[in-house]
Amino acid sequence: QVHVVESGGGLVQAGGSLRLSCAASGRTFSTYAMGWFRQAPGKEREFVGVISGSSGTWYADSVKGRFTISRDNAKNTVYLQMSSLKPEDTAVYYCGAKWGGASFIVSQYVYWGQGTQVTVSS
């Protein structure tokens with residue numbers, strides 16, 4: 001069992017920045033692919049970005065160039081640095097963990113956190 005906890009959400013003005021953290025339990029954290037997803041009211045959960053166990057990263061087109069994912073395996077933590085935030089980035093942000101390769105598919109992630117709210121005001 002892997003326990004995942006997100007933190008760092010909040011209210012920010014458009015154009016601002018925010019950094020989310022995702023802490024995961026387990027001695028094999030470095031082997032997990034860690035994905036970030038978001039869900040706005042009335043919409044399905046959508047892919048934001050993912051970092052593989054070897055720290056390769058992939059991003060959704062909507063956030064490419066604005067968001068950066070990194071990981072610190074010594075701290076069992078993944079980060080999502082968000083810059084140039086837009087009102088359309090407003091959503092609950094979730095972190096998911098999976099063994100094996102990176103994926104943008106929600107159903108492939110086995111472990112999820114409770115989510116953290118990000119609100120971007122115009």
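The values are calculated or read from the model by the stated rules, or taken from the named source; none is laboratory data. Being a predicted model, the structure only gives us computed values, none of them experimental. We place every Cβ from the backbone using ideal geometry, glycine too, and count neighbours over all the protein chains shown. Heads up: the accessible areas ignore ligands, DNA and RNA and are worked out on the full protein's heavy atoms, side chains in. Shrake-Rupley method; radii C 1.70, N 1.55, O 1.52, S 1.80 Å.
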Check your understanding: How do S121, S54 rank by accessible surface area computed with a 1.4 Å probe, from largest to smallest?
Key -> S54, S121
Check your understanding: When the label point is put 7 Å from the Cα of T119 along its Cα-to-beta-carbon vector, which residues of region 1-40 have a backbone N closer than 20 Å?
Key -> 6-21, 38-40
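Lysine pairs in the chain 8 or more apart or on different chains: how many have alpha carbons under 25 angstrom apart?
Working: K43/K64; K43/K86; K43/K98; K64/K86; K64/K98; K75/K98.
Final tally of qualifying lysine pairs is 6.
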Check your understanding: What list of ³J(HN,Hα) couplings, whole Hz, do you get for region 102-115 from phi and the Karplus terms 6.51, -1.76, 1.60, once you set θ to phi - 60° and write x for glycine and proline?
Key -> 5, 8, 9, 8, 4, 5, 7, 8, 8, 10, 10, x, 7, x
Practice item. Give me the percent of the accessible area of the chain that comes from carbon and sulfur atoms, probe 1.4 Å, all protein chains in place. Key: 51 percent
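Between beta-carbons, use under 12 Å as the cut-off and find the net charge around F67, counting Lys and Arg +1, Asp and Glu -1. Kindly include the intermediate steps, with their values, before the conclusion.
Details: positive: R19, R38, K64, R66, K86; negative: D61, D89.
Once all neighbours under 12 Å are counted, the net charge is +3.
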Revision key, fill the gap. In the neighbourhood of S84 defined by beta carbon distances under 13 Å, the net charge of the other residues (Lys, Arg +1; Asp, Glu -1) is +1
